Structure formats: C-alpha cells, structure tokens
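A.B. asks: Starting off with a structure, shown below.
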Amino acid sequence: MLATLLEFLREKHRTTPMWMKVLIPVLGVGSLGVVAVMGAFLAFVVTAWLGQPIPVLGFDQSVEQPIAFPHTIHAGMGVYTDSTGDQVQGLGMDCTFCHRTVTSQANAGVPPVQFCAYCHQVIGGEESEPLTQVRTAAGIIGDSPHPIDWKRVHRMPDHVRFVHEPHIRYLTQHPDKVTNSTSGETMGAAGVCSTCHGDVASMEEVAQVEPLKMGQCVNCHRDNDAPTDCASCHH
Amino acid sequence: MTLQREKRDYSWGMVVDVDKCTGCQACVLACQAENNVPLNLQDRFERARVMSWIRVERYWEGEFPDIKARFIPIMCQHCENAPCEPVCPVFATYHNNEGLNVQVYNRCVGTRYCANGCPYIVRFFNYWEPVWPEAFRNHLNPDVTVRSRGIMEKCSFCIQRIRRGVRNAERENRDVVDGEIQTACTQACPTDALVFGNFMDEDSKVSKMKKDDRHYTLLPHLETDPNVVYLAKIDTDKSAGESHG
C-alpha cells in the first residue's frame with residue numbers, strides 16, 4: 001500500500017514540469033504572506049472599531065512633542081533617570097498644579113512656559129537638552145521667548161463637547177468609580193484622571209490609553225445617572 | 001426612545017414682545033456670532049440660500065398714507081408637536097426632555113425632509129462648506145460645532161449656554177436662577193423684546209409674560225404647540241381711543 005503510494009509520488013515528481021515545481025512553493029509561501037497581511041489588517045480594523053487601533057500598519061497614534069517633557073519626574077513618586085543619566089526622585093506634583101482649570105472648566109489647560117521657568121530657571125543641569133529648550137522658550141537663554149507648541153494627544157472630534165469639570169467633581173465624590181489607578185490613589189482631583197487618561201504619572205510620553213469613544217462615554221453616563229441626551233455631548 | 005431622563009426640571013421657552021421690537025437686527029447679528037453661522041454675502045442672497053437662525057421680518061400694515069412698518073423676529077419655534085421631527089429618517093432631530101427641538105449635526109445625513117416639513121421656514125441647509133475671512137479665524141465660538149456641508153442647522157436656543165448655566169448651577173448645588181441663562185439674541189436685544197426662560201418655573205419672567213392677554217403663537221391652526229410665544233403689537237391709535245373715550 002505505502003509502496004504504491006511512494007511509487008505514485010515518484011512518478012508524479014518525474015512528470016511534473018519544472019515551472020510548476022517552482023510555482024507551487026512560491027504560491028504557498030506567497031499566500032502565507034497574504035494571509036499574514038490580511039490578518040494584520042483585520043486585527044487593525046477590529047481593534048480600531050472596538051477602541052484604539054493596534055499600531056501594526058504603522059498607524060501609531062503616539063504624538064511627538066516639541067520638548068520631551070516627562071510626566072514621570074514631575075508627577076510620579078518613584079526614582080527616574082533624566083536625559084543626562086542622573087537618578088532623580090519623582091516630585092509627585094498634583095496634576096491640578098499644572099492643569100489648573102481641570103476642576104473648574106471644560107479644558108484642563110496646559111501651563112504656559114513661564115510656569116515651567118519658576119523652577120527651571122535654577123533647577124536641572126545646564127547640559128540637559130530638553131531643559132535648554134525650555135529655558136530658550138522662556139527667554140532665560142537668548143532673547144526670543146516663545147510659547148511651546150505642545151501637540152494635542154487627546155482630541156474629541158469637532159462635533160463632541162467634552163467638559164472636565166463635572167467629571168472631576170463626580171469622581172472625587174465617588175472614589176469607587178475611579179478605574180485604572182495603578183498607585184491605588186483614588187482620592188482628590190489628581191487621583192481620578194486615570195479613569196480616562198490611564199496612569200499618566202508613569203508615562204515618559206503621554207499616550208491615549210482609553211478609546212474614549214461614544215460607547216464608553218454613554219455607558220458610564222447611563223450607569224451613573226448622568227445625562228444621555230444627545231444634546232449634552234453634541235451641539 | 002428611552003434615552004431621555006424622566007425628570008423634567010426645565011421647559012425652555014421664549015416670549016417675544018412684538019410691541020417692543022424696533023427691527024434693529026441686533027439679535028440677528030448676535031446669533032450669527034454666537035453660533036458660528038456662516039456669513040451671508042451677496043451671492044447667498046442672490047441664490048436665496050441665506051442662513052439666519054433668527055430673522056426680523058418686516059411687513060406693512062394699512063394703506064399709504066396711513067401705513068405702519070411692523071417687525072416680527074422669527075426663529076425656531078421649538079414646537080412641542082414639531083412637524084420636522086417625525087420626518088427625519090435617522091432621528092437627527094428630536095425633542096429632548098427640556099422642551100428643546102434638538103438637531104444632532106453628526107447624525108444628520110442631509111435629506112432636507114425636516115426643512116420641507118417646517119411651516120416657519122427656520123431650518124437651513126449647508127449647501128457649501130462654511131468659510132470665513134482670514135480675520136475671523138480665531139473668532140469662532142469653541143462651544144459650538146462648525147457645521148459642514150450637507151447638514152441641516154437651526155436655532156438651538158443657544159444650547160451651549162443652557163448647558164453651561166445648568167452645569168454652573170449644579171456645581172453650586174442650586175437651581176438655575178431666572179434670567180441667569182440668556183440666549184445670544186435676548187442678551188443683545190436693546191429693548192428686551194426677546195425674553196428667554198423656564199416655563200416650568202411659575203415665577204419666571206416668561207411664565208408671567210405668557211399670561212398677558214396679548215399672547216399668541218404663530219400659525220396656531222397647525223397645532224404645533226410652539227415654545228415661542230408672541231405678545232401682539234399694541235396699536236397706540238386704537239388703545240388711546242379706547243381708554244380716553
């Protein structure tokens with residue numbers, strides 16, 4: 001039985017033309033490649049549909065900032081390495097110290113460069129590249145002070161109106177609703193940001209971790225007796 | 001639709017005292033600026049594609065020489081029984097539980113059925129992408145969506161101001177004070193001909209004005225039950241004659 005089968009294959013091998021012998025493995029490998037690409041594409045589409053697209057096809061959503069500002073050193077509590085290789089103890093600054101309007105207004109706000117200069121006029125080494133940029137922008141080095149053109153990381157489409165104030169108010173009153181908090185800290189305004197922004201204090205570079213699509217907003221609103229009227233978010 | 005909260009604290013509405021209207025158009029301008037309405041340049045008039053969420057209609061009463069110019073501001077009437085709502089195939093326009101007729105721009109697909117249904121002609125379709133002169137770049141209101149081409153829009157009773165007012169009140173744990181929330185047009189009106197407020201509150205200015213004998217609504221035979229109430233013009237000749245015998 002086995003012998004007949006082997007004989008048959010040997011016969012076949014002899015009679016198969018050369019071009020076919022080349023084509024079959026090429027097609028085999030090629031179709032594996034096609035399957036891989038299609039799989040990656042499908043994964044991209046599905047994850048983008050459900051939330052954040054996985055960065056397989058080069059569509060990485062991270063944003064390059066004009067100055068490599070580390071949230072870790074400023075807001076974190078651990079020990080971090082700065083750009084000059086020194087070990088720095090995190091300052092554990094309150095988020096609202098820099099994002100001042102987050103508890104009162106729609107926008108959280110990013111501090112002006114003068115604000116950074118209060119500390120960085122003296123703090124941090126001369127040789128630090130990012131701090132040189134900060135000092136140049138603040139007019140401490142040279143004489144062309146200019147605002148820093150930070151890039152937006154989180155941005156709702158134009159047809160959505162998001163307001164920070166009621167969320168911070170609600171979450172500070174209901175610490176049990178706070179999620180994503182890796183430090184376990186859920187008290188105070190600074191403890192609640194993780195619900196939507198992830199643990200920013202441990203991010204070298206801020207990235208969006210929650211999808212922040214309509215489904216997420218409305219689910220939480222429905223569960224917490226917040227308005228689900230279209231007009232509260234779209235107008 | 002079960003997406004709305006049951007409790008109803010507010011029923012927003014407006015009272016327009018036609019007797020006080022001088023036809024100055026301040027409301028029109030204020031509305032245009034507040035709500036990012038595109039500029040109406042000459043070609044829009046020529047093509048009869050003017051967009052103006054509120055307009056002041058002028059009409060003549062009487063025969064020359066005994067003739068009077070009359071003005072009446074007209075905006076979306078926020079009908080409780082709105083003819084525009086049931087015709088929308090995608091629910092982009094609906095009535096919310098605060099008495100507002102809401103237009104969800106991102107839901108709109110631009111069939112224009114609603115504009116055809118509206119007897120007051122207060123819905124406007126974006127036939128073009130809106131453009132502003134360079135000088136206006138940073139003058140747009142960030143609280144209001146810029147409507148793109150192919151979308152219907154109309155007076156929203158300045159919902160961005162309503163939301164902000166309600167939020168401020170909630171933050172301070174109190175009710176909205178009458179007169180605290182103003183739409184752009186009522187704020188701009190120099191003679192207070194336009195008054196905005198909460199009909200749910202018996203003591204509000206609008207509730208009191210609504211009880212005036214002069215009150216009427218536009219096209220009442222259509223039974224749209226508008227949330228905009230008009231107070232009729234007082235004819236000085238006639239009333240003078242009546243009161244002084």
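No value in this document is a laboratory result; all are computed from the given coordinates. Quantities reported herein were computed from a predicted structural model and do not represent experimental measurements. Reconstructed Cβ throughout: ideal geometry from the backbone, glycine too, with neighbour counts over all protein chains shown.
A.B. asks: Find how many whole Å separate the alpha carbon centroid of region A:168-229 from the alpha carbon centroid of region B:27-52.
C.D. replies: Between the Cα centre of region B:27-52 and that of region A:168-229, the gap is 41 Å.
A.B. asks: With a cut-off of 8 Å between alpha carbons and a minimum separation of six or more residues, what is the relative contact order of region B:12-244 in percent?
C.D. replies: Value for region B:12-244: 29 percent.
A.B. asks: Given labels modelled 7 Å from the Cα in the Cβ direction, how far is it in nm from A:His13 to A:Val110?
C.D. replies: Spacing of the two 7 Å Cα→Cβ label points: 6.6 nm.
A.B. asks: Give me the distance in nm between label points sitting 7 Å out from Cα along the Cα-to-Cβ direction at A:Ala36 and A:Met214, one decimal.
C.D. replies: That separation, rounded to one decimal, is 3.8 nm.
A.B. asks: So if R0 is 30 Å, what FRET efficiency would B:Asn81 and B:Tyr127 give, r being the distance between their Cβ atoms, rounded to the nearest 0.05?
C.D. replies: Using R0 = 30 Å, I get an efficiency of 0.55.
A.B. asks: Count the net charge of all other residues whose Cβ sits under 14 Å from the Cβ of B:Gln32, scoring Lys and Arg as +1 and Asp and Glu as -1.
C.D. replies: +2
A.B. asks: Run through all the Cα pairs of region B:72-190 and give the fraction in each 10 Å bin from 0, expressed as whole percent.
C.D. replies: Bin by bin from 0 Å, the calculated values are 12, 37, 35, 15, 1.
A.B. asks: I've got another one for you. Any idea what Rg and Dmax come out to for region B:175-227 if you just take the C-alpha atoms, in Å?
C.D. replies: Both quantities, over Cα of region B:175-227: 12.4, 36 Å.
A.B. asks: In nm², what is the average projected area of the convex hull enclosing the Cα atoms of chain B?
C.D. replies: 16.5
A.B. asks: Got a sec? Which residues in region B:120-155 would a label at B:Asp43 touch, if it sits 7 Å along Cα→Cβ and we count backbone N under 20 Å?
C.D. replies: B:125-137, B:147-151
A.B. asks: For region B:41-102, which GluC sites (Glu not before Pro) are in a loop by DSSP, counting at most 15 other Cβ atoms within 10 Å?
C.D. replies: Qualifying residues, ordered by number: B:Glu80.
A.B. asks: With only alpha-carbon atoms in the gyration tensor, what are the semi-axes of the equivalent ellipsoid for the protein assembly as shown, in Å, largest first?
C.D. replies: 56, 35, 23
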